[in-house]
1. Once amide H atoms are built 1.01 Å from N in the peptide plane, which residues 5 or more positions from residue 83, or in another chain, come under 5 Å H to H?
2. Convex hull over the alpha-carbon atoms of segment 46-107: what's its volume per residue in Å³?
3. Listed highest first by mean packing, meaning other Cβ atoms within 10 Å per residue, what order do 71-79, 53-61 come in?
4. If the chain between residue 64 and residue 131 were fully stretched, how many nm would it gain, using 0.36 nm times the residue separation less the Cα-Cα distance?
5. For a quick check: sort 110, 129 by the number of other beta carbons within 10 angstrom, fewest at the front.
6. What residues qualify as long-range amide H neighbours of residue 119, i.e. H under 5 Å apart, gap of 5 or more or another chain, H built at 1.01 Å from N?
Amino acid sequence: MSLMNGVPTRFALALAVALSLVGPPAPLRAQAVDGVGPVTSLPLPRYVSIRAREANVRRGPGLDHRIDWEYRRRGLPVEVTAEYGQWRRVRDADGAGGWVHHSLLSGIRTGLVRGEGPVRLQAGASDRTALRAMVEPGVVARIESCDGMWCDVSVDGLDGWVAQSALWGLDPGEILD
């Protein structure tokens, strides 16, 4: 190429025009923003529940990854800690985790009763209200609302209030309407 006939200059000009028509390259995949899932734009971490009667937990996000175990309890609360396409990395109350397909999860909030012994299900959001029932640790309760201290729950068709600290599946002081 000769500089005298201007070939490098024409080539540079043509390249610049072509690039301006194409625009900048698209990112290869969505980047996560702190505290927000790159797929759903929902908060990370967040609590959800198991929708299916059986939900495979895989080593990685995809059907080609090994199944490590299976959740066999519909309604069990889990914490979503990451997203990748149609897959969600979850963690349960015992700290065990893995990847679950999003179709096996529900946005319905539930709480796992925890403690050394039975927990009081009160008629209202106070220890001073009537006792409705005693709920054993390990029972899954559907959460209707929480005020940061007490949660309005339903357990096997019985409604009442449980101290929020007695439930796994909520952040401390979390308020749900």
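1. 89
2. Spelled out: Cα convex hull of segment 46-107, divided by residues, is 71 Å³.
3. Result, highest mean Cβ count within 10 Å first: 71-79, 53-61.
4. 19.1 nm
5. Ascending Cβ contact count within 10 Å gives the list 129, 110.
6. Sorted by chain and number, the residues that satisfy this are 135, 136.
Read-outs throughout are calculated quantities, based only on the coordinates presented, and are distinct from any laboratory measurement. Owing to the predicted nature of the structure, the values given are computational and were not obtained by experimental measurement. For neighbour counting, all protein chains shown are included, and Cβ atoms are generated from backbone atoms with ideal geometry for every residue, glycine included.
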